[in-house]
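Quick notes on the structure that follows.
Values in this text are rule-based calculations from the coordinates and carry no lab data. Please read these numbers as outputs of a predicted model, since none were measured by experiment. Note that each Cβ is placed from the backbone with ideal geometry, even for glycine, and that neighbours are counted across all protein chains shown.
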Amino acid sequence: MTDVFDTQTHERAEAIIARYPQARSALLPMLHLVQSVQGFVSQAGIAFCAQKLDLSTAEVSAVATFYTMYKRKPCGEHLVSVCTNTLCAALGGDAIYTRLKEHLGSDTPDGKPLGHEETVGTPGESGSVTLEHAECLAACDLGPVLQVNYEYYDNLTEDKAVELVDALRAGDKPAPTRGAPLRDFKTAELELAGFFPEDEETYRSTVDAPTAAEETVRGARMAADNGWTAPAMPAKVAMPEVQKK
Ligand code: FES
């Protein structure tokens, strides 16, 4: 069978494995590496990880199907994750997701709303977009939010979300509200595997972080202004008894 992974990918896999005392600990970044090449975790990707890490394909599959960041179908150039968890949903996240499903779906051959993890356009090609709903993206104070390839777009409205996906469909990369500039899904996956551009200084200069959004620090500032503090931890805390098996 032809190896779908090139020499550079094999070298990167070895570099990942060398980071850990036990090879099997490298599985999560290895799966991101596979996605950086294929845009999803294919059967060949599962076999690649299993062979490199001396695991069974069943063990690799169990992990790849457990975590939502590992995709079982090829992703578009961009992965759009709309938070539909409680706070964002109440602030408009549900309406944004519904609007994007319909808006992007109208651009598909059957014109039907896109389903979870479905793609408009040809996966991997410029302007293709995969849509998913996501659980809390840890930015509740800036909701409703969505992420594109895990970069944040905060305080959205339905119209702003449509404008954003239209720009992605047109091949543009609108700047996220904070953090790193937008990259495509495969490049983001390579970074999640731990590989960044060699010119680290230039790369770091493009990252607009850490964020100190007013919404995030308002509570802490109010507490400081009013002299509010949390009760100190007791010096000694009794640990609960662990049940003997
Ligand atoms: S509920 Fe959307 S970021 Fe927390």
Hey, in the GNM for the chain with a 10 angstrom Cα cutoff, which one of Glu151, Glu118, Glu59 fluctuates hardest?
Glu59
Using only the Cα atoms of the stretch 99-245, build the gyration tensor, take square roots of its eigenvalues as a ≥ b ≥ c, and label the shape rounded, prolate or oblate: rounded if a/c is under 1.5, else prolate if a/b is larger than b/c, else oblate.
prolate
Can you list, by residue number, the Cys in the chain that have no neighbouring cysteine C-beta under 4.7 Å?
Cys49, Cys75, Cys136, Cys140
Between Leu31, Leu79, Leu53, find the one with the highest GNM mean-square fluctuation for the chain; connect C-alpha pairs within less than 10 Å.
Leu53
At a threshold of 8 angstrom on Cα-Cα distance, excluding pairs fewer than six apart, so keeping six or more, what relative contact order does the chain reach in percent?
18 percent
Measure off 7 Å from each Cα along the Cα-to-Cβ vector at Thr157 and Ala62, then give the distance between these two points in nanometres to one decimal.
5.0 nm
Exposure proxy check: Asp172, Asp225, Asp94, Asp184 ranked by fewest other beta carbons within 10 Å?
Asp225, Asp172, Asp94, Asp184
With each run of n ≥ 4 DSSP H residues scored as -39500 (n - 2.57), what mean residue ellipticity at 222 nm is computed for the chain after dividing by its residue count and rounding to the nearest 500 deg cm²/dmol?
-11500 deg cm²/dmol
Burial ordering of Thr229, Thr84, fewest other beta-carbon atoms within 10 Å first:
Thr229, Thr84
Under-5 Å amide H pairs with Asn85, H placed in peptide plane, nonlocal only:
Cys136
Kindly put Ser126, Ser42, Ser81 in sequence by how many other C-beta atoms sit within 10 Å of each C-beta, fewest to most.
Ser126, Ser42, Ser81
Restricting to Cα pairs below 8 Å that are 6+ residues apart, what does the relative contact order work out to for the stretch 7-64? Please round to a whole percent.
30 percent
The chain: C-alpha gyration tensor shape, a/c 1.5 cut-off, then a/b vs b/c:
oblate
For the chain, what is the percent of antiparallel DSSP beta bridges, rounded to the nearest 5?
60 percent
Take the alpha carbon gyration tensor of the stretch 78-183, find the square roots of its eigenvalues, order them as a ≥ b ≥ c, and report rounded if a/c is under 1.5; if not, report prolate when a/b exceeds b/c, else oblate.
oblate
So if I take the alpha carbon set of the stretch 7-64, get Rg, then get Rh from the Kirkwood formula, what is the Rg over Rh ratio?
0.92
